Amino acid sequence: MDLNSFEETKEDSLEEQMVFHYNRDERVKKAPKLVKEYYEGTFKAYRPGLFKALVQTRANRFMFFTLVVCFVVIVFLGIFNKRNEASSGLFSYNLSAFSFEETVYVSLQIDKKTGADEVNCVPAAAQIEVIYRDSSKEAVEKQLFLQQLIEPRTFLRTTLHDYDIVSVEADVLINQKTVNLKAAVEKR
């Protein structure tokens, strides 16, 4: 007796016994209104716009509001945050740098604030460290200066002969207060 032939005949007989009754028209008659409209071709899908999708639910409104606030903060900081200007205590600082014929010229301006109390305006000494950075943000050169701040406006000017410098940092220490300034080197 061959078992393989027995299994094949058994499957054939089961398929012959099964009867499928499927009538599409009868099924559509019993279907909901949306299904009937879909089969007829008159169904219009609801497609909200981008803004409606962003404010449709409470969670979406919260997420949209958060994105708007983050965008406003980034734009505000991008416009008004200047890394080359700072103020601390009685002084305000401005760092600038430019490159001309393979030499980088750096200028640090230190101003005493006009509203400063003259009693507290004892001539101060500033310790200034200038750091030159290349395109990979590695420190190429460091220079250390000591500057007396006697005048209402004091300048520190220095140069470095190197054409690879793309940014300059200055750490200014006056009266135990440290200020970090950064400036990109302008090509002229």
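For region 38-56, does any single residue satisfy the condition of being among the acidic types (Asp, Glu), free of Cβ contacts under 8 Å to residues at least 40 places away in the same chain and surrounded by 10 or more Cβ atoms within 10 Å (Cβ to Cβ)?
No, the conditions are met nowhere in region 38-56.
Looking at region 131-188, which of its residues are under 13 Å from Ile110 (Cβ atoms), open to solvent by less than 60 Å² (accessible area, probe 1.4 Å) and of a type in the set (A, V, I, L, M, F, W, C)?
Phe145, Leu149, Leu156, Ala170, Val172, Ile174, Val179, Leu181
List pairs: first residue in region 75-99 and surrounded by fewer than 13 Cβ atoms within 10 Å (Cβ to Cβ), second residue not in a strand (DSSP E or B) anywhere in the structure, Cβ distance under 8 angstrom, at least six positions apart or on different chains.
Every condition considered, the pairs that remain are Ser87/Lys113.
Report yes if Asp164 is at pLDDT 85 or above and among the charged types (D, E, K, R), otherwise no. So that I can check it myself, show each step before the final result.
Working: at pLDDT 85 or above: no; among the charged types (D, E, K, R): yes.
Answer is no for this residue.
With the condition kept exactly as written, say whether any residue in region 2-11 is modelled with pLDDT of 85 or more and basic (Lys, Arg). Lay out the reasoning, then the answer.
Narrowing region 2-11 to residues modelled with pLDDT of 85 or more: none.
No: zero hits.
The values are calculated or read from the model by the stated rules, or taken from the named source; none is laboratory data. These figures come from a predicted structure and were not determined experimentally. Please note: Cβ atoms are built from the backbone with ideal geometry, for glycine as well, and neighbour counts cover all protein chains shown. Only protein heavy atoms, including side chains, enter the accessible area calculation; ligands, DNA and RNA are left aside. Shrake-Rupley method; radii C 1.70, N 1.55, O 1.52, S 1.80 Å.
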